[in-house]
Amino acid sequence: MLHWLWELFDDPAAAEAKVIGPLLRQAPELPEWSAAVQPVLTRLLTTNQIPKKMVSRVLAVPELNAFALPYVTIVLTQALVEFCRDERDQLAFVLGHEAAHIHLGHAKERSRANALATVVRINPLLGMGLKMLFDRAFSREQEYEADRLAVAMCARAGYAPQAGAAFLARLGAYASSTGKIAQLLSTHPPLQERIGQLRGG
């Protein structure tokens with residue numbers, strides 16, 4: 001167990017491999033979708049002079065979601081890509097947001113925190129406390145930071161910087177009308193606060 005823990009702490013590539021395998025067994029990748037999304041990510045990275053080669057992978061999942069693994073992979077669900085089908089600038093914001101988590105080290109920190117929570121499962125109260133602290137406080141500022149960097153990245157890459165706020169507004173309207181992404185939003189700051197920050201409010 002300890003060897004696995006230190007591997008997660010010290011080797012984000014190994015940590016990512018441990019995550020992506022089970023994900024792909026549950027929901028296959030859609031290679032054509034991934035290939036269609038990748039140029040947007042590559043443009044963001046290239047124009048912002050981010051040397052890390054990141055990859056986008058679209059999985060056949062019907063719920064709206066996107067997240068960054070700790071090394072180079074950004075996972076998007078088919079439903080989220082479809083949600084942004086006619087909104088390339090908004091898709092760029094989503095990719096920029098997740099790329100920011102990798103670039104700023106947030107994804108690696110989250111991997112470490114999750115590994116620690118796993119190790120302390122023998123003490124459920126401690127594990128629950130750590131997870132709540134991480135989800136509610138630690139990740140909150142990270143989300144704001146990733147939002148800000150994503151907007152800057154989009155502007156440098158020629159995507160509309162206001163697309164971030166527009167995407168979050170659409171996401172909020174979708175959540176209100178369907179209730180389908182409450183879990184996705186539960187560990188993020190309130191959407192209106194994020195929109196206000198992006199609009200300078």
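The values are calculated or read from the model by the stated rules, or taken from the named source; none is laboratory data. Remember, predicted model here, so these are calculated numbers, not experimental data. No Cβ is skipped: glycine too gets one built from the backbone with ideal geometry, and neighbour counts run over all protein chains shown.
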Failed condition for Val151, given (1) within 15 Å of Gly96 (Cα to Cα); (2) modelled with pLDDT under 95; (3) not in a loop (DSSP other than H, G, I, E, B): (2)
Looking at (1) in contact with a strand residue (DSSP E or B) (Cβ under 9 Å, 6 or more places away or on another chain); (2) touching a residue at least 40 places away in the same chain (Cβ under 8 Å), which is the one condition that is false for Asp89? (1)
Can you name every residue in the range 51-83 that is hydrophobic (A, V, I, L, M, F, W, C) and within 13 Å of Leu41 (Cβ to Cβ)? Met54, Val55, Val58, Ala66, Ala68, Val72, Ile74, Val75, Leu76, Val81
Mind checking whether some residue in the range 52-61 is out of contact with any Ser or Thr (no Cβ under 8 Å at 6 or more places or on another chain) and either free of Cβ contacts under 8 Å to residues at least 24 places away in the same chain or among the charged types (D, E, K, R) (or both)? yes
Among the residues listed as Asn123, Asn114, the single one being modelled with pLDDT under 85, in contact with a Leu (Cβ under 9 Å, 6 or more places away or on another chain) and not aromatic (Phe, Trp, Tyr): Asn114
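Residues that are out of contact with any Leu (no Cβ under 6 Å at 6 or more places or on another chain) and modelled with pLDDT of 90 or more: which strands (runs of 3 or more DSSP E) entirely in the range 12-86 hold 1 or more of them? Break it down into steps so the answer makes sense when it comes.
On the way: elements: 55-59, 66-68, 73-77.
Of the strands (runs of 3 or more DSSP E) lying wholly inside the range 12-86, those with at least 1 residues that are out of contact with any Leu (no Cβ under 6 Å at 6 or more places or on another chain) and modelled with pLDDT of 90 or more span 55-59, 73-77.
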All but one of (1) surrounded by 15 or more Cβ atoms within 10 Å (Cβ to Cβ); (2) over 25 Å from Pro161 (Cβ atoms) hold for Glu63, so report the exception by its number. (1)
